Amino acid sequence: MVRHPTLLDLARSAGLAALLTVGAQSHSSAQVVGGTIVDELSGEPVVGAWVLLLDSLGRDHSRSLTDALGRFVVRGEGAGEYRLRAILIGYTKWESQSFSLAVGERREEEIPLTMVRVALPAITVEAERTCRVRPGEGMATSTLWEEVKSALVATAWTIDQRLYRFRTLMVERTLDQFLNVLSDTTYRRVGYSDWPFHGLAADSLSEYGFVQGAPGGPVYYGPDAQVLVSDAFLDEHCFRIERHGSDTSGLIGLAFEPVRDGRLSDVRGVLWVDSAATALRVLEFRYMRLGRWIPAERTGGSVEFASLPSGAWFIRKWRLRGPIGRVRAPGDTVLHGYRERGGEVLEVFSATGEPIVRFRPEGAANR
């Protein structure tokens, strides 16, 4: 019996432990920096900004999302030199001068944030088409990547903190080799959010590929946030600007693909950014270098991102599709069909059950 790819299991992926350190240290002895972020011109509090506490080596020790009053709290892991970085997705970043924190010290800061939007519209004219590994500062691809990275890490932070619960419409279906629907099941569930596909350490993916053999059949791994922001992925994939097929979409793409040819399975895709809001909207990806019986253009998935009024980011919709093979003889496998799973968030609640926002079903999980 052919085992369905575990890409399609909604398993919890590993959290971004190295990036999401809020609350990881002991609060009783930590060095604490608190304060407020305000709009430099109006003096109004800035809601939904990320505040990072960086040490002298630029390592991220703690992060906090500003609340409805613009307040934040971050904590250091020892005495030393630190600086603050404030990030509001879609706007230019702010960074403080270095300052010293003594053991157990508490420090208060008020950050006047200059609200200058990142100028993405010019990128559509520049249209950098050369695929570049780790594009340099000032390049269009680098500007786009910084915004994409902020949204990916923000989404992972929301998942890790479990501050929200989601009522989700789930769809599972089996398709034939021509994508005709053979079976279709829908159901609803309520719970915390997770990445909708299996994650694996980027170093392992680099060494063994995104599709790996297992006793029960091949395992398909997806490019989750941990992978996309990892050094291994950034060293082995290049980025370029891609225009959207529709002139009215308002989207500009940051396409990625492997730098080198090889035999290992890999992924290529596009991170679509709303050029007006300078915000990540969709990740699309496809698998490469699969078995000859697998149509690569029909395997992979998409993840759609959205933000809440609080500034927290979450996964709004997703769709994943993997192949089902039929073994006719040893070494002779043919395509039998596909298994597809999707999800669409219908309502968001606080961790204690208070409704926050409701969405009209758009049917993305059913397409």
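The values are calculated or read from the model by the stated rules, or taken from the named source; none is laboratory data. If you're wondering where the values come from, they're calculated on a predicted model, not measured in any experiment. Heads up, the Cβs are rebuilt from the backbone with ideal geometry, glycines too, and the neighbour counts pull from every protein chain shown. Ligands, DNA and RNA are stripped out before the accessible areas are found, and what is left, the full protein with its side chains, is counted by its heavy atoms. Shrake-Rupley method; radii C 1.70, N 1.55, O 1.52, S 1.80 Å.
Points to keep in mind about this one:
- The range 290-305, subset open to solvent by less than 20 Å² (accessible area, probe 1.4 Å) and assigned to a strand (DSSP E or B), residue farthest from Arg268 (Cα to Cα): Phe305
- Here Ser265 fulfils each of the conditions (1) modelled with pLDDT under 90; (2) small (Gly, Ala, Ser); (3) open to solvent by less than 20 Å² (accessible area, probe 1.4 Å) apart from (1).
- Of all residue pairs spaced 6 or more apart or on separate chains, those with beta-carbon atoms under 6 Å, a first member in the range 93-112 that is modelled with pLDDT of 90 or more and a second member that is hydroxyl-bearing (Ser, Thr, Tyr) and not in a loop (DSSP other than H, G, I, E, B) are Leu101/Tyr82; Glu110/Thr36.
- Within the range 306-329, the set of residues being open to solvent by 10 Å² or more (accessible area, probe 1.4 Å) and β-branched (Val, Ile, Thr) comprises Ile324, Val327.
- Any hit, the range 333-351, residues being surrounded by fewer than 16 Cβ atoms within 10 Å (Cβ to Cβ) and free of Cβ contacts under 8 Å to residues at least 24 places away in the same chain: no
- Test: residue in the range 128-138 that is charged (D, E, K, R), open to solvent by 20 Å² or more (accessible area, probe 1.4 Å) and without any contact (Cβ under 8 Å) to a residue 24 or more places away in the chain: yes
- Enumeration of residues in the range 277-288 that are in contact (Cβ under 8 Å) with a residue 60 or more places away in the chain and open to solvent by 10 Å² or more (accessible area, probe 1.4 Å): Ala277
- Selection count, the range 31-62, where residues are part of a strand (DSSP E or B), farther than 19 Å from Thr114 by Cα and open to solvent by 20 Å² or more (accessible area, probe 1.4 Å): 2
- Test: residue in the range 238-255 that is among the aromatic types (Phe, Trp, Tyr), open to solvent by 20 Å² or more (accessible area, probe 1.4 Å) and on the phi < 0 side of the Ramachandran plot: no
- Across the range 72-88, the number of residues qualifying as surrounded by 15 or more Cβ atoms within 10 Å (Cβ to Cβ) and either under 25 Å from the mean Cα position of the chain (by Cα) or among the acidic types (Asp, Glu) (or both) comes to 10.
- Taken as a whole, the condition of being over 28 Å from Gly325 (Cα atoms) and not in a helix (DSSP H, G or I) applies to Arg240.
- Here Ser142 fulfils each of the conditions (1) farther than 24 Å from Val348 by Cα; (2) touching a residue at least 24 places away in the same chain (Cβ under 8 Å) apart from (2).
- Of the residues making up the range 161-193, those that are open to solvent by less than 70 Å² (accessible area, probe 1.4 Å) and either part of a helix (DSSP H, G or I) or aliphatic (A, V, I, L, M) (or both) are Gln161, Leu169, Met170, Val171, Leu175, Leu179.
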